[in-house]
């Protein structure tokens, strides 16, 4: 099964006032996990999104689509990046827990729908 | 293909554009010739390491490529009869001595000009150049640009269609237009170099080193056009910049700014070669932007320590660069040089002129440089704000991490 592990919040939001050591530790944790998942063959894809302040949202306004600045959600609830891994749910939750223990911000783990019809 | 030091790989990379150029010159149809060349390269990659490199490798590749071209025509039922007759008439199926001679050197050059046709978008020019002149597989190019292989395959196909639609002929541009066309070629090669130079994050399996690839292509171009100052200048610039690569990142992938780099780790051989090339252009050619940028890189490379950098010389070179190739990025770099000659406030004042410019200048780099200069001027709170603005605006992960760290060192509120 494939799972998407999602991180939230802007680059600034979760680090405001953190020490250089804390920030270095977080970078090391993220890159270490990334390398580990890649090495083990579990990683399908991994992306970090630009800061939510760089986002535009396209809304339906006055009967037509119109782009506006900013993300749809609150910045701290906005998607910041994700891993897609091929693993058990238990493993996906364990990966997320390693991050959450450190950053103290929530992460979401969700199964990815299968493109194939189920075997009949 | 295997690593860049593999002799078979080296040889194939050198022969790939020659084989393709010969096929296109003789048969037209870039698309089919390109596929046929790739098939021949793949056959060589599997056979040569086992059976040894043939005595006439170029002729061997041409023979296999022609065979593949004929198979392709045969399978194309609409063309079958006409093409078969043509193919049989002029295609020997045993390697001939004529095929072993390197083609007219203009053929590879014509191929490069065709791939960098001004009607194509930069991403199409880049993809086609890497594939046709660089001899890379679509998979390798896709991995280098972090896009799915199917996406890159589409991009290359569309690029080839674009060439057909533009009606480009397989020939060198006319003499009066060659300078403009060469500008495009140089900018495409520089784009490839910069992509490799800035994308440093993470160990990517099967990722071709775009920086080395760009240097290889400019070397090729330099061999074909030794009397062009800007071609030489671009090669010197790439070598003098890439020489710092071993010191540019920490083992964990994080960025090390120029002033903090361990200069003993710079590549002395690359610096020496760059300096020699640059010295060779001095006074011989009209001054161009790549030569000036190479000269700036050379001043940095020649300084034994960051403090010993000849900043007045760099400032003078940026003044020249701003005259011949003005851009907001040049002004930004000139502000750094000015700050080092006359103090951070002078640099900040020059940055202020960019604030009024409402074009693409409003990039994160402006805030990143502002942060550095404010920090040096002692305005720590403002410096921190500038770093954080830059961190939010950048699209490069290693750079974002670097900027977050810089900001965190200046934080005023203490927490953990």
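The values are calculated or read from the model by the stated rules, or taken from the named source; none is laboratory data. Keep in mind the model is a prediction, meaning the values are calculated, not measured. Don't worry about glycine lacking a Cβ; one is built from the backbone with ideal geometry, like all the others, and counts go over all protein chains shown.
Laid out as a table, the results:
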| quantity | calculated |
| --- | --- |
| Lone qualifier among B:294, B:368, B:335, B:377 - being within 14 Å of chain A (Cβ to nearest Cβ) and surrounded by 14 or more Cβ atoms within 10 Å (Cβ to Cβ) | B:368 |
| Filter result (touching a helix residue (DSSP H, G or I) at 6+ places or on another chain (Cβ under 9 Å) and surrounded by 19 or more Cβ atoms within 10 Å (Cβ to Cβ)) within region B:380-397 | B:383, B:384, B:386, B:387, B:388, B:389, B:390, B:391, B:392, B:393, B:394 |
| Scan of region B:28-45 for residues that are buried (at least 20 other Cβ atoms within 10 Å of the Cβ) and more than 25 Å from the chain's Cα centre (by Cα), ordered by number | B:36, B:40, B:44 |
| Count of region A:34-55 residues which are in a strand (DSSP E or B) and either modelled with pLDDT of 90 or more or surrounded by 13 or more Cβ atoms within 10 Å (Cβ to Cβ) (or both) | 4 |
| Candidates B:352, B:347 - the one that is away from chain A (no Cβ under 14 Å), more than 29 Å from residue B:251 (Cβ to Cβ) and at pLDDT 95 or above | B:347 |
| Residues being over 20 Å from residue B:401 (Cα atoms) and surrounded by fewer than 17 Cβ atoms within 10 Å (Cβ to Cβ) - total across region A:76-88 | 3 |
| Filter result (assigned to a helix (DSSP H, G or I) and either at the interface with another protein chain (Cβ under 9 Å from one of its Cβ atoms) or closer than 17 Å to residue A:55 by Cα (or both)) within region B:386-400 | B:388, B:389, B:390, B:391, B:392, B:393, B:397, B:400 |
| Filter result for residue B:65 (at pLDDT 60 or above and assigned to a helix (DSSP H, G or I)) | yes |
| Region A:57-75 - residue that is surrounded by 11 or more Cβ atoms within 10 Å (Cβ to Cβ), in contact with a strand residue (DSSP E or B) (Cβ under 7 Å, 6 or more places away or on another chain) and within 14 Å of another protein chain (Cβ to nearest Cβ) and, of those, nearest to residue A:108 (Cα to Cα) | A:71 |
| Considering residues of region B:173-221 that are at pLDDT below 80, in a loop (DSSP other than H, G, I, E, B) and in contact with a helix residue (DSSP H, G or I) (Cβ under 6 Å, 6 or more places away or on another chain) only, the residue farthest from the other protein chains (Cβ to nearest Cβ) | B:208 |
| Filtered residue count, region A:14-33, keeping only those that are more than 7 Å from every other protein chain (Cβ to nearest Cβ) and either assigned to a helix (DSSP H, G or I) or touching a strand residue (DSSP E or B) at 6+ places or on another chain (Cβ under 8 Å) (or both) | 7 |
| Within region B:232-251, considering residues that are without any contact (Cβ under 8 Å) to a residue 24 or more places away in the chain and out of contact with any helix residue (DSSP H, G or I) (no Cβ under 6 Å at 6 or more places or on another chain), the one surrounded by the most Cβ atoms within 10 Å (Cβ to Cβ) | B:250 |
